[in-house]
1. Condition check: closer than 24 Å to Gly75 by Cα, within 21 Å of the chain's Cα centre (by Cα) and not hydroxyl-bearing (Ser, Thr, Tyr). Does Leu12 satisfy that?
2. Would you confirm whether any residue within region 70-86 is among the aromatic types (Phe, Trp, Tyr), within 11 Å of the chain's Cα centre (by Cα) and farther than 16 Å from Val30 by Cα?
3. All but one of (1) closer than 16 Å to Thr105 by Cβ; (2) in contact with a Phe, Trp or Tyr (Cβ under 9 Å, 6 or more places away or on another chain) hold for Ser15; which doesn't?
4. Among what's in region 87-98 and is crowded, with 18+ Cβ neighbours inside 10 Å and modelled with pLDDT under 90, pick the residue that is nearest to the chain's Cα centre (by Cα).
5. Before we move on, is Thr84 more than 29 Å from Glu3 (Cα to Cα), out of contact with any strand residue (DSSP E or B) (no Cβ under 9 Å at 6 or more places or on another chain) and among the polar types (S, T, N, Q)?
Amino acid sequence: MVEHKDVVLALLGASAAVAALILVFLGVLVTIAQGLQAGVAPAARTPYRVVGGLSLAAFFLSLVATGLSVWWLIGPNGIIYALTVISFLVALGPLCVAAGWTYVTQISRG
């Protein structure tokens, strides 16, 4: 059986790595958004704001998971363990949406 300590250590590394990965998506979005001409309709910028918001939410959730992991390592607690796992898993959802949107709209279009 896998011990909680091993899971928390894995989540600590993974959540920090996911946070760093999300910053890459945010960088791509900011670069693209800044490259839009001033005359572009606000509706054209809306998808960038939505995906940017999702990316930012995933970033903060990853930081929460990182902080909770450290907190659990300082003083193991069942509730903190559950919150660590949940916050990490929830952070993956917006990350997948941001990655998929970035690929479909920016990379695969040719």
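1. On the way: closer than 24 Å to Gly75 by Cα: yes; within 21 Å of the chain's Cα centre (by Cα): yes; not hydroxyl-bearing (Ser, Thr, Tyr): yes.
Yes; evaluated as a whole, the condition is true for this residue.
2. To start, the set of residues in region 70-86 that are among the aromatic types (Phe, Trp, Tyr) comprises 71-72, 81.
Subsequent filtering for residues that are within 11 Å of the chain's Cα centre (by Cα) retains none.
Checking region 70-86: not a single residue is among the aromatic types (Phe, Trp, Tyr), within 11 Å of the chain's Cα centre (by Cα) and farther than 16 Å from Val30 by Cα.
3. (1)
4. So in region 87-98, the residues crowded, with 18+ Cβ neighbours inside 10 Å come out as 87-88, 91, 94-95, 98.
Filter again for modelled with pLDDT under 90, leaving 94-95, 98.
On the way: Pro94: 6, Leu95: 5, Ala98: 9 Å.
My answer is Leu95.
5. Values: more than 29 Å from Glu3 (Cα to Cα): no; out of contact with any strand residue (DSSP E or B) (no Cβ under 9 Å at 6 or more places or on another chain): yes; among the polar types (S, T, N, Q): yes.
No.
The values are calculated or read from the model by the stated rules, or taken from the named source; none is laboratory data. Computed from a predicted structure; not experimentally measured. All Cβ positions, glycine included, derive from the backbone under ideal geometry; neighbour counts span all protein chains shown.
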